[in-house]
Amino acid sequence: MSVRHIRRGAALALIALPFLAACGSGEDAPSSSASASSPESSAGTDPSAGASSSAGAGSTAGAASPAGADSSSGLESLEAEFDARIGVSALDTGSGDVVEHRADERFGYASSLKVLAAAELLQQVPADQREERVTWTQEDVDAAGHSPVTSEHLDEGLTYPELAEAAVRQSDNTAMNLMLARIGGPAGLDAALEELGDTTTEVVNEEPALNAVEPGGTDDTTSPSAFTADLDALFDPERTPQVLDPADRETLIDWMSGNPTGDTLIRAGAPEDWAVAEKSGGAGGIRNDVAIVTPPDRAPIVITVLTQRNDPEAEYDDALVARAAEAVLGEFE
């Protein structure tokens, strides 16, 4: 793990901290921290894509200096304990400090991609067109897999904001596919990320096929540095031009807050008084979480934790992400 000092300034200091701090830990029962098959995807074997990649959107440069021995050995020890790779990129938007570990290696993004799809939906669809009611079939639900919200609304359908919230908050796969259809499919989202400056993330498939990552392949993968840069660009109120309107940034943060699927991930590794707005992802041996973490009276920290078990038959374990996040966020205390 390394720490880079990039003197970025307090770009995210203007994010609406009061409503972030008000978010609770979850409105539903928390997910289990034990090793388990993904609650967010019904199919896919996800061996690691181990190739390195270039940094993504807004990638920052600066002289790297080693972190403390305890920090570096902490993640290496976790990798040995869980027989896994851990990729981390965390940006303190106030100081500009970056904590990294395998930050430019590729990992399957799984359902964490849903937050980027929701952001693109907010960007593409004008507010006066969002109340269109979208419908789908039972066959769509069966094909997509995990769809706890859309499976209950086959008759009346949902609006686009309701679909986006279902995708981000409950990781609903059918909702994700309907969002993708509205923004030009996987290719449309991939093109939007390239416009953002992310030439690393490769969006190729919809749910549930996006969870099946070929060893050494790049399809449906990202890197920690690319994902953190994407989130930073989305939520940076001083970026010119801004990617999202202030109201849409607040809406997206709200969808990422209080998610029961994230209670045992970065939120579990953060200090109790730090607000965590996140989006998880998991399938097979992949377990990820990406988040905007806001300490009291400080600028937010943008953090990506991507993990992959080395054994292709091994299932993910939420504790790996939580303990990695604890080690990384400790660098900013």
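When residues in segment 211-257 are screened for being farther than 19 Å from Ala283 by Cα, touching a residue at least 12 places away in the same chain (Cβ under 8 Å) and of a type in the set (Ser, Thr, Tyr), 4 of them pass.
Residues in segment 157-177 that are touching a strand residue (DSSP E or B) at 6+ places or on another chain (Cβ under 8 Å) and of a type in the set (A, V, I, L, M) were compared, and the one that is surrounded by the most Cβ atoms within 10 Å (Cβ to Cβ) is Ala175.
Pull up segment 141-159, narrow it to residues that are part of a loop (DSSP other than H, G, I, E, B) and touching a residue at least 40 places away in the same chain (Cβ under 8 Å), then point me to the one that is farthest from the chain's Cα centre (by Cα).
Gly145
Consider segment 122-140 and keep the residues that are of a type in the set (D, E, K, R) and within 10 Å of Tyr160 (Cα to Cα). The one that is nearest to the chain's Cα centre (by Cα) is Arg130.
Screening segment 201-234 for residues that are among the acidic types (Asp, Glu) and part of a helix (DSSP H, G or I) and picking the one that is nearest to Gly145 (Cα to Cα) gives Asp230. Take the conditions (1) under 15 Å from the mean Cα position of the chain (by Cα); (2) small (Gly, Ala, Ser); (3) at pLDDT 95 or above; Gly262 misses just one of them, which is (3). For segment 75-100, the candidate set comprises residues that are touching a helix residue (DSSP H, G or I) at 6+ places or on another chain (Cβ under 7 Å) and part of a helix (DSSP H, G or I); within that set, the residue that is surrounded by the most Cβ atoms within 10 Å (Cβ to Cβ) is Phe82. Is it the case that Arg298 is buried (at least 24 other Cβ atoms within 10 Å of the Cβ), more than 28 Å from Ala127 (Cα to Cα) and of a type in the set (D, E, K, R)? In short, no.
Just one of (1) more than 30 Å from Asp83 (Cβ to Cβ); (2) surrounded by fewer than 24 Cβ atoms within 10 Å (Cβ to Cβ); (3) not hydroxyl-bearing (Ser, Thr, Tyr) fails for Phe235. It is (2).
When segment 101-118 is filtered for residues that are charged (D, E, K, R) and crowded, with 24+ Cβ neighbours inside 10 Å, the ones remaining, listed by number, are Arg106, Lys114.
Within segment 160-200, being touching an Asp or Glu at 6+ places or on another chain (Cβ under 7 Å) and part of a loop (DSSP other than H, G, I, E, B) holds for Ser171, Ile183, Asp198.
The values are calculated or read from the model by the stated rules, or taken from the named source; none is laboratory data. All values derive from a computational prediction rather than experimental measurement. With ideal geometry, Cβ positions are generated from the backbone for all residues, glycine too; neighbour counts draw on all protein chains shown.
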